[in-house]
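To start, the structure under review is shown below, and the notes come after it.
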12 protein chains.
Amino acid sequence: MTEQVYKLVEVTGSSKHGYQQAIENAINRASKTVRHLRWFQVVETRGYIEEDKVAYWQVSLKIGFSLDNPDQE
Amino acid sequence: MTEQVYKLVEVTGSSKHGYQQAIENAINRASKTVRHLRWFQVVETRGYIEEDKVAYWQVSLKIGFSLDNPDQE
Amino acid sequence: MTEQVYKLVEVTGSSKHGYQQAIENAINRASKTVRHLRWFQVVETRGYIEEDKVAYWQVSLKIGFSLDNPDQE
Amino acid sequence: MTEQVYKLVEVTGSSKHGYQQAIENAINRASKTVRHLRWFQVVETRGYIEEDKVAYWQVSLKIGFSLDNPDQE
Amino acid sequence: MTEQVYKLVEVTGSSKHGYQQAIENAINRASKTVRHLRWFQVVETRGYIEEDKVAYWQVSLKIGFSLDNPDQE
Amino acid sequence: MTEQVYKLVEVTGSSKHGYQQAIENAINRASKTVRHLRWFQVVETRGYIEEDKVAYWQVSLKIGFSLDNPDQE
Amino acid sequence: MTEQVYKLVEVTGSSKHGYQQAIENAINRASKTVRHLRWFQVVETRGYIEEDKVAYWQVSLKIGFSLDNPDQE
Amino acid sequence: MTEQVYKLVEVTGSSKHGYQQAIENAINRASKTVRHLRWFQVVETRGYIEEDKVAYWQVSLKIGFSLDNPDQE
Amino acid sequence: MTEQVYKLVEVTGSSKHGYQQAIENAINRASKTVRHLRWFQVVETRGYIEEDKVAYWQVSLKIGFSLDNPDQE
Amino acid sequence: MTEQVYKLVEVTGSSKHGYQQAIENAINRASKTVRHLRWFQVVETRGYIEEDKVAYWQVSLKIGFSLDNPDQE
Amino acid sequence: MTEQVYKLVEVTGSSKHGYQQAIENAINRASKTVRHLRWFQVVETRGYIEEDKVAYWQVSLKIGFSLDNPDQE
Amino acid sequence: MTEQVYKLVEVTGSSKHGYQQAIENAINRASKTVRHLRWFQVVETRGYIEEDKVAYWQVSLKIGFSLDNPDQE
């Protein structure tokens, strides 16, 4: 392992189906523009209510990714 | 949209079945006495353990609801 | 109920399958060395990403257990 | 002054015009259902953006009011 | 125990006599309008000073109470 | 509304004229490189003092924007 | 009441006898060098242990005092 | 610029007129006893309510000032 | 004094009689299994309510103790 | 100085050699893709342990940089 | 990698020589009673002053270690 | 040891050379106007960047000192 530097981006994923799906949607979307995703940390969990039910789960998370030489780790 | 004012109440929902069900129980119960629920924010996640298993999931959340004219938004 | 004293230990559980399973794995493992587990509080939720998917859910929690006379409560 | 007890309620005020107006709208609305308001504390400041401008300022605040004998203070 | 839902209210109790009395005054006052009080959590401890002595202890606390079926627990 | 994903960026706006102008400057500048801005949250308020007066208001805020299909919401 | 400005100082009081006495010792000592003390806020509660007992209670608090014209309020 | 040391003092400014004026009042008053003020950071925003309106805005801030050689920077 | 290393454990003490007694019960119980206790820091103060009175005070604290050579300090 | 807007990015630097080197590695790497770096703030300090020694220091920091006209300051 | 569970312990290391040495002393001491140390997180940095110089650096950190099967990772 | 009262002041030290030197500069400067310094606690670590390198380390710390009878401890 070399002396890696990572960058963290904050995203909010949403899902009709649940907490985990909102996180997975966020990671999936981030992977379309950033490579070498490594880890995530949940920052906040919220949701939108319609007709007294959870209409959308909304989870904010920080996603860390490797900036350099990720294959040499 | 007019200049809405919202109120937030804090409730703790519990469930034998899981994290999301505890949140949905809390929202369902709040909807019996308050109308026009709009969003929730998770404050704390705890649980009660019996015989080395999670007996009750306990999730504290703030629920926001519209105080006025909600249908005119 | 007598005047109980409880101890809290912090553990991080991991699971391929999800958030709740990571918590249950942590409690299950703690129960092998500590008796009289009573409650848990989630401290932090993180995860490890591989090939743009959540490979491991990692949940840090404090677990409280009774230090004395738990059967006399 | 007797030994007062106060209650705090959390509200979110919104305004097209600015930060202070959002707070004043929240206090004005709270005063319609609660008497003897005494103080407020700002909890969070957010806003909604439309066409790259602040469309609504949204300020969450706790408002404290006296539960008893307020005129005898 | 059924799947209870609890509500939390925030109150500030004051007392000339001390920290604990301020908490007990807050709980006593809350019990006049809310039933089935279950627990409290201290949020903040402040006080008012007159002539270089503590004139009033002021303790803010959240009080949790059961919303349903409390006798069936 | 589809299952949106949002990204949050943190910026610090400054203004000679005041708190709100610093926020609006930050949003205005962000809009030059990012589209579909949706909301902001104030993180910190500071300022620079010259000759015993506020020379610059400095407000750090997170700005959230939609990553996909914003017009189809 | 004019437009007062207050200053806050942070002090740590200690006492062999208890929590409240540590606070009162801190206020009493502060009053020897600063006039017009108005309020305090507890920041942290710690203590020093000797022979398995609390030897000294140590309470850190912020004390607010009026900088000008306190008698004209 | 030499290796400066700064001191921070915490003050609470109040104003009938608004948020920014409370901050400016605090800085103005601090400048009467301390020289070389450099920056401020807002710590807390509160207010006093009379007859359902904001009677006084109260803003607590830390003010930083240079302890040495400020003109040689 | 040599270069000491300390360990911190988190415990929750409870007492029918009050805040301080809950802390002292926690320290007393910890002293039965750990030697060389040095200090404590209060983490959280809660309580259990029965019939509208505080039935049990519950104080969570971290207790620090010396791991080595405590008599040579 | 004009009315600058700054952006903050969060990065995690790592180093075998120590705390400061991890920060400097993070700044050095950020400078390859972003110009006009102005300041940093440490968010979190962690490390990876191998064979009971610190193998990698890992420091997360926010780095602020000027978005416009940096040479005209 | 199997579904690992980790435990975290909090220790305070001290050193006459500096910040990093205090952390390394804490890890070295922890390694004498716990195996399979994996990572640390700094919680707080303090120090003891004698004759206007830092006599002891004191760093509190959480150390995580693997509870099971560490060699099979 | 008598029942000491301590005061805490917050200072920001800066140094071209590093993190520890910034702390030591702050303590050294504080010792010129205050006697009987006892301990410090780090509040925040920042730095100023010039030409993509750390030009100044800036560490904010609280310094505690004894208000009375320090030699009789």
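The figures follow:
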| quantity | calculated |
| --- | --- |
| Within region K:63-73, considering residues that are more than 10 Å from chain J (Cβ to nearest Cβ) and of a type outside the set (S, T, N, Q), the one farthest from C:Val59 (Cα to Cα) | K:Asp71 |
| Residue tally, condition over 10 Å from the mean Cα position of the chain (by Cα), within 10 Å of chain B (Cβ to nearest Cβ) and over 22 Å from A:Ala26 (Cα atoms), over region C:13-54 | 5 |
| Verdict on A:Ser60 being at pLDDT 95 or above, more than 9 Å from chain C (Cβ to nearest Cβ) and closer than 20 Å to J:Ile27 by Cβ | no |
| Residue among L:Glu3, L:Glu10 that alone is within 7 Å of another protein chain (Cβ to nearest Cβ), closer than 29 Å to G:Arg29 by Cα and modelled with pLDDT under 95 | L:Glu3 |
| Selection count where residues are surrounded by 22 or more Cβ atoms within 10 Å (Cβ to Cβ) and aliphatic (A, V, I, L, M), scope region L:7-26 | 4 |
| Candidates I:Gly13, I:Gly47, I:Gly64 - the one that is more than 27 Å from E:Phe65 (Cβ to Cβ), out of contact with any Gly (no Cβ under 6 Å at 6 or more places or on another chain) and part of a strand (DSSP E or B) | I:Gly64 |
| Counted residues, region A:27-40 - those being on the phi < 0 side of the Ramachandran plot and touching a residue at least 24 places away in the same chain (Cβ under 8 Å) | 8 |
| Matching residues, region A:33-54, being over 22 Å from F:Lys62 (Cβ atoms) and exposed (fewer than 15 other Cβ atoms within 10 Å of the Cβ) | A:Arg35, A:Glu50, A:Glu51, A:Lys53 |
| Test for C:Ile23: is it of a type in the set (A, V, I, L, M), over 22 Å from I:Lys7 (Cβ atoms) and in a helix (DSSP H, G or I) | yes |
| First in region K:1-26 and closer than 27 Å to C:Lys62 by Cβ, second anywhere and small (Gly, Ala, Ser) and outside any strand (DSSP E or B), Cβ under 7 Å, 6 or more apart | K:Val5/C:Ala26; K:Val9/K:Ala30; K:Val11/K:Ala26; K:Val11/K:Ala30; K:Thr12/K:Ala26; K:Gly13/K:Ala22; K:Gly13/K:Ala26; K:Ser14/K:Ala22 |
| Breaking point among (1) touching a residue at least 60 places away in the same chain (Cβ under 8 Å); (2) buried (at least 20 other Cβ atoms within 10 Å of the Cβ), for D:Gly64 | (1) |
| Search result, residues across region E:29-49 that are more than 17 Å from G:Phe40 (Cβ to Cβ) and touching a strand residue (DSSP E or B) at 6+ places or on another chain (Cβ under 8 Å) | E:Arg29, E:Ala30, E:Ser31, E:Val34, E:Arg35, E:His36, E:Leu37, E:Arg38, E:Trp39, E:Phe40, E:Gln41 |
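The values are calculated or read from the model by the stated rules, or taken from the named source; none is laboratory data. Quick caveat, the model's predicted, so the values are computed rather than measured. Using ideal geometry, Cβ is built from the backbone for each residue, glycine included, and neighbour counts are taken over all protein chains shown.
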